[in-house]
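To start, the structure under review is shown below, and the notes come after it.
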């Protein structure tokens, strides 16, 4: 199941939002049903049909039975279409009442006051049901714009056979250890320890590594904060790995999909990915799956772990804010999150659901997926969204990655590369 972060292109956002402000009414949006007299709310999810159709139909039927005055219309939107579709609907004042997004994308519109602010609408008891670090992922400028829903946290899937051949006794826990293991594996087997991409439009794993290694990306005023000794050390770390041949050359041209392909081919020893990819490995590379085990994700001196969050937001234009919030709270309550997490092989964002034995204990005949799920869940106490939800965050990734590439290719010194990245960010229009 695809759950990784996806962001769109916002070149037309200012124009669209101006249109939203100037438009009035919601002629084609949700409202009273034509004959029932019920409050009708529209709920959008991202690419959850047909796998979870039965789940959502049951969920909605239960909610409607408990709230007979409300009718819920569910629309599932493909991943590729969601960003443009929600941008257009928000701008035209025809947005759904509850929509499933990720914090990074949602924050782009939150900064422009598109979503209902929830701080005064969600009670302290309701807020405390969610994991505190995860709740923060849907806040910007001290205001809450969404409810946390389901989560995934990377694990380090590693090839026991390659480790054995290289004489590596245990998987690396930190980036410092990873560099040592990478050299040992390359020297003994000729294979790579891992693959990480610095393609600007792809995975944010390298950007997240800055935070894990103790670097603040931005200061409280939104200015670049990474041009520091620690920031330079991270630039140097990735540059050295590439220059010494411990990082595949495709790191500059291929995305995270290449990491999966290399691991399945037995060409890398470690894959940083979600537990759900173990099913794909078992299907596509059964011999590799047989020697694969999961360990906690690799981090830096901070001990911070990445988590990817999906949330529910409520457009400010909704005609039924109370009904929309009631439904969003229902979708994300302990019981429903636990049911969905089990069905989708994801993690819940509520404290009680995460404490269920399904996540804390492994059966005697635990499968690799069972093991990975337990490892993934155990990371939640140190997990957070590492990259801040701020405007133009994808531009920040692009500036850092392109300058990091230049350092890797000896087109710039590390000092010049990090300075150029910081100046470009601060001088952006």
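Rule-based calculations on the coordinates, nothing more; no lab input. Every value quoted in this text rests on a predicted model; they were computed, and no experiment measured them. In this analysis, Cβ positions are derived from the backbone assuming ideal geometry, glycine residues included, and neighbour counts consider all displayed protein chains.
By the beta-carbon count within 10 Å of each Cβ, the least crowded to most crowded order of 349, 123, 89, fewest first, is 123, 89, 349.
Which of the three applies to region 134-255, rounded, prolate or oblate, going by the alpha-carbon gyration tensor with a ≥ b ≥ c and a/c under 1.5 meaning rounded? Here region 134-255 falls in the prolate category. When both region 59-96 and region 200-229 are represented by their alpha-carbon centers, they are found 34 Å apart. Across region 226-379, C-alpha contacts under 8 Å between residues 6 or more apart give a mean separation that, scaled by the residue count, equals a relative contact order of 20 percent.
Determine, for 149, 79, the number of other Cβ atoms within 10 Å of each Cβ, and report the residues in order from fewest to most. Could you put the intermediate results ahead of the total?
Details: 149 27, 79 11.
Placing the least packed residue first, the sequence is 79, 149.
Highest mean first, the peptides 198-204, 394-400 sorted by other C-beta atoms within 10 Å per residue fall in the order 394-400, 198-204.
Each label was represented as a point 7 Å from its Cα along the Cα-to-Cβ direction; for residue 282 and residue 161 these points are 1.8 nm apart.
Over region 317-429, what is the mean sequence separation of C-alpha contacts under 8 Å (at least six apart), divided by residue count, expressed as relative contact order in percent?
13
Quick check on the chain: take the gyration tensor over C-alpha atoms, sort the square-rooted eigenvalues as a ≥ b ≥ c, and tell me if it's rounded (a/c under 1.5), prolate or oblate.
Working: a/c = 2.22, a/b = 1.42, b/c = 1.56.
Taking the square roots of the gyration eigenvalues as a ≥ b ≥ c, the chain is oblate.
With a cut-off of 12 Å on the backbone N, the residues of region 301-339 near the modelled label site 7 Å out from residue 62 along Cα-Cβ are 330-339. Can you give me the angle between helix 334-344 and the longest principal axis of the chain, using Cα atoms only, in degrees from 0 to 90, rounded to the nearest 10? Tilt relative to the chain: about 50 degrees.
Suppose a student asked you for the relative contact order of the chain, using Cα pairs under 8 Å spaced at least 6 residues apart; what percent would you report?
Working: 734 pairs, mean separation 104.2, N = 429.
After rounding, I find 24 percent.
For the chain, find the longest principal axis of its Cα atoms and tell me its angle to the long axis of helix 229-243, 0 to 90°, nearest 10. The helix 229-243 is inclined about 60 degrees to the chain.
Per DSSP helix of 4 or more residues, -39500 (n - 2.57); summed, then divided by the residues of the chain. What does that give at 222 nm, rounded to the nearest 500?
Values: 20 runs with 191 residues, N = 429.
Per the formula, -13000 deg cm²/dmol.
Highest mean first, the peptides 263-273, 216-226, 133-143 sorted by other C-beta atoms within 10 Å per residue fall in the order 263-273, 133-143, 216-226. Reducing region 378-408 and region 239-272 to their Cα centroids gives an inter-centroid distance of 19 Å.
You can think of it this way: the chain between residue 342 and residue 427 has 26.0 nm of extra reach, that is 0.36 nm per residue less the Cα-Cα gap. Once you reduce region 102-130 and region 285-303 to the center of their Cα atoms, the two points are 33 Å from each other.
Where a ≥ b ≥ c are the square roots of the eigenvalues of the C-alpha gyration tensor, would you call region 198-321 rounded, which needs a/c under 1.5, or, failing that, prolate if a/b is larger than b/c, or oblate?
Working: a/c = 2.13, a/b = 1.16, b/c = 1.84.
Since a/c reaches 1.5 but b/c is at least a/b, the shape of region 198-321 is classed as oblate.
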